[in-house]
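The next block holds one structure in the form of structure tokens; read it before the comments.
What follows draws every value from the coordinates through simple rules; no lab data is involved. It should be emphasised that the depicted structure is a prediction, and the values quoted were computed from it without experimental measurement. Virtual Cβ from ideal backbone geometry, glycine too; neighbours counted across all protein chains shown.
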Amino acid sequence: MRELYGDVFSSQGSERAKIFKKLHKNVKTLKDFKNVLRYNGFNLNRKDFSEDPSNLNPGYGISSRYDLDEEFNLSGGIDCKVNFFI
């Protein structure tokens, strides 16, 4: 797939990989981890993350939100589960 479509299907260069690369540094607690998994930067225009791929395309967020896209209007971030076992 990567040979056909480029970095969009790579573990290092995909849009979500770019977001994880930026946000993983801030994960210190289980709540932080949940927030990363629910992240979508659509129209946030974050100054600290200007290269956020999901700012212009809600489908590129960790939690893909195509329901926010007027062109596609598909389903959004459906579910996110995080478990902690001791």
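Some points to look at:
- Among the residues making up the stretch 7-46, those that are in contact (Cβ under 8 Å) with a residue 12 or more places away in the chain, among the hydrophobic types (A, V, I, L, M, F, W, C) and part of a helix (DSSP H, G or I) are I19, F20, L23, L30, F33, V36, L37.
- Meets criteria (closer than 23 Å to V27 by Cβ and either in contact with a Lys or Arg (Cβ under 6 Å, 6 or more places away or on another chain) or without any contact (Cβ under 8 Å) to a residue 12 or more places away in the chain (or both)) for D67: no
- Filtered by the rule that a residue be aliphatic (A, V, I, L, M) and either farther than 16 Å from R16 by Cβ or touching a Pro at 6+ places or on another chain (Cβ under 6 Å) (or both), the stretch 45-67 gives no residues.
- Any hit, the stretch 50-63, residues being on the phi < 0 side of the Ramachandran plot, of a type in the set (S, T, Y) and without any contact (Cβ under 8 Å) to a residue 24 or more places away in the chain: yes
- Selection count where residues are exposed (fewer than 10 other Cβ atoms within 10 Å of the Cβ) and not in a loop (DSSP other than H, G, I, E, B), scope the stretch 47-86: 2
- For the stretch 45-78, filtered to residues that are of a type in the set (A, V, I, L, M) and within 13 Å of the chain's Cα centre (by Cα), the residue that is nearest to S14 (Cα to Cα) is I62.
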